[in-house]
Structure formats: structure tokens, C-alpha cells
Amino acid sequence: MSEQLPQPLPPAAISSARQRLLRHLNVPTVIAVVALAIALWQWGEARREASQLQGDLAKRVSDLDQTGRDARLTADQVRNTLRDVESRMGMLEARLMETQSQRIALEALYQELARNRDEWVLAEVEGILTTAAQQLQLAGNVRAALIALEAADKRLARADRPSLIPLRKVINADIDRLKALPAVDVPGLTLKLDNLVAAVDSLPLAADGRPDEPPVRTPMAEGGFWSRLSSEYWRDLKDLLRVRVVASPEVPLLAPEQAYFLRENLKLKLLSARLALLARDEATFRADLKTASKWLGQYFDGKSKSVAIAGATLKQLGETDLALKLPDLADSLEAVRSPRFVRK
């Protein structure tokens, strides 16, 4: 079924309606209508702005709610992180306390090891200094003592401890004193005396010289029986007693046991001279050598080469200058045994 369209009004009707409208319109009405229109427009605008503000406010509230939720989530995360950090801080503090206790224990152990190391070094140096003092007092070996003192100084230098510097100064002072001493070959002199002692038993005595061989007998001349018998008897009688002229009639005749004691006494004199040499006792050293030289010239055969060599050696030893007093290294030994160089 077709839809019926509204019929347009006739022009006469439109004109009549317009006239009626114009009759009712006046200035107040127009103003009122305009004011109403303006009021309606303002109300519409205000409504539209209010609706827009409401939408913006709702959006901002929604954003604030989301921000609040995010802030609460962040605060929860921060609280969880803070609790985790506090837990870790507690663990770190516990580990720090443990580390500090371990550090204190390690420091105590290090100090103990350092003290033990210093004691070991001092014990080693004391042994070296004792050896040096023995070399000086017993053997008179200045060079060996110098080598020992320098070795002790090098050992202290390797330790690199400031507390050991005063000890090094004392040792270096003893080194300087030994270097300033005149050179005396005490070991060489001692060796010569030892060789003389060993050669005493082989030195010939002056009393050991044998008489000249008897002259060769000549055949007896022809004669009677009694003449030959008397000549033979006389010749045998002369062989029983023989007189020999010697150059030194003061040479004593010694029995075998006396010769033994003579050699032993000579050895003792030489050993006494050796001890005096090591002790730097020049008076005793020269007196013993003088006595030994006297005995050598009086009782031993001066024509023998070995006796001549021994006499020359005794003379050379007697001319040696021993006016020398060696230091005893007491300062260094006292310093190394002092506790003030340890635990500093």
C-alpha cells in the first residue's frame, strides 16, 4: 500500500497565518523571545560544558584511580623490596661481623707468625754470630768471622723488618771493627805449628850420631906364632875402646826413654805456642817458641836438613808480630739476644 504524502497548505492560508503572527509580535515579545533563545542557547552551552566537564572529571577520576592503584602497587613493591633489602642488610651485617672476627683472628695469627718469623730469624742470626765469635776466639780467623757477620747482616736485610734495623747497626759496627784490624794469617801460623808437631818424631837427635867405621884390618906380617898372637890380641883390645872427637862436646847423651820424653815435651811446647797464638798471648807465644828453638838446637842434629827447616820455621814464627786484640762480638751477641728487637 502506497504511503500518502501531506498536502501543502494553500498560499492564502500561509498569508493569513503570517499576518496573525505579525499582529502578535511586538518589541517586548521579540526581546523576550530573543532573551529566551539566548537563555536556551546559554543553557545548552552550559549543559554541554557541564557534560564535557563531567566527562573530563570522570576521566581524571579514572586516571587518579589508576594512578592510585599503580601507586599502591608500587608501594607494595617498595615494601617488599624494603623487606628484602632489610633481610639482605641483616645477612650482610652478620657476614660483616663474621668477616671482622675472621679479620681479627687473621691479624692475630699474622702477628703471631710475624713474631715467630722474627724469632726464627734472630735464632738463625744468633747461631751465625756465635760461629763468628768462635772463629775469632778459638781460631783467630778474622776472615771467617767477617764472612759470618756479613751473612748475618744479609739475613736481617732479607727479613725486611724495621724493628731489626738497630741490630743491623750493631753488627755493621762489628764488621767495620774487624775490617780495620791488621791482617794476621793465624790459620797459616797454626798450620805451620801443626806441621812442626807432626815432624818432631822424625827429627834426628844429636846423640844418635854413629862413630866412624873401624879401619880395615891389614894382613898381619909374617912372624912367629907368639908374635902373631900378641898382635891379634892388641888389635882386638884397641877395637874394644874407641875415642872419637866431636865438634860439640856439650851434646848430652840420652837414653831411649829420655829421648821419648824430650820429643813429647817439645810437642807440648809447640802446642802451648799454638794455644797462645789463638789466645793472642804474644808473651807466652814467644817464650814457648824460644824454648822449643833452644831444645831443637841443643838436642837435635843441626846438620840434618829436616832439623834446619824446623829451626828456620821456628825463627820465622818468632818474628811474627801478634800485637793484636780481636773483638769478642759481645755487642752483637747481646743485641741479638735482647727482646727489644722483637714484637715491635
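Give me Rg/Rg_expected for region 116-175, where Rg uses Cα atoms only and Rg_expected = 2.2 N^0.38 Å with N residues.
On the way: Rg = 11.4 Å, N = 60, 2.2 N^0.38 = 10.4 Å.
With N residues counted in region 116-175, Rg over 2.2 N^0.38 Å equals 1.09.
Taking all protein chains together and a probe of 1.4 Å, list Trp295, Trp43 from the most accessible to the least accessible.
On the way: Trp295 60, Trp43 150 Å².
Reading off the accessible areas and sorting them downward yields Trp43, Trp295.
If you take the alpha carbon atoms of region 58-98 and fit the smallest convex hull around them, that volume is 29 Å³ per residue. Distant-in-sequence amide contacts of Phe300, defined by a placed amide H-H separation under 5 Å and a gap of 5 or more residues or a different chain, comprise Ala206. What separates the Cα centres of region 302-322 and region 45-69 is a distance of 135 Å.
Size descriptors for region 139-203, from the alpha-carbon set: Rg then Dmax equal 17.9, 61 Å. I need the calculated FRET efficiency for the pair Arg48 and Asp84, taking r as the beta carbon distance and R₀ as 51 Å, to the nearest 0.05. Calculated value: 0.45.
Inter-label distance, Asp321 to Asn265: 3.5 nm, where each label sits 7 Å from its Cα along the C-beta direction. Listed values for region 54-64 are Karplus-derived 3J(HN,Hα) couplings in whole Hz (6.51 cos²θ - 1.76 cosθ + 1.60, θ = phi - 60°), namely 5, x, 5, 5, 5, 5, 5, 4, 4, 5, 5, and x replaces Gly and Pro.
The values are calculated or read from the model by the stated rules, or taken from the named source; none is laboratory data. Bear in mind that the values here come from a model prediction, so they are computed numbers and not experimental data. Glycine gets a Cβ as well: all are built from the backbone with ideal geometry, and neighbour counts include every protein chain shown. Surface accessibility is based on the protein's heavy atoms, side chains included, excluding ligands, DNA and RNA. Shrake-Rupley method; radii C 1.70, N 1.55, O 1.52, S 1.80 Å.
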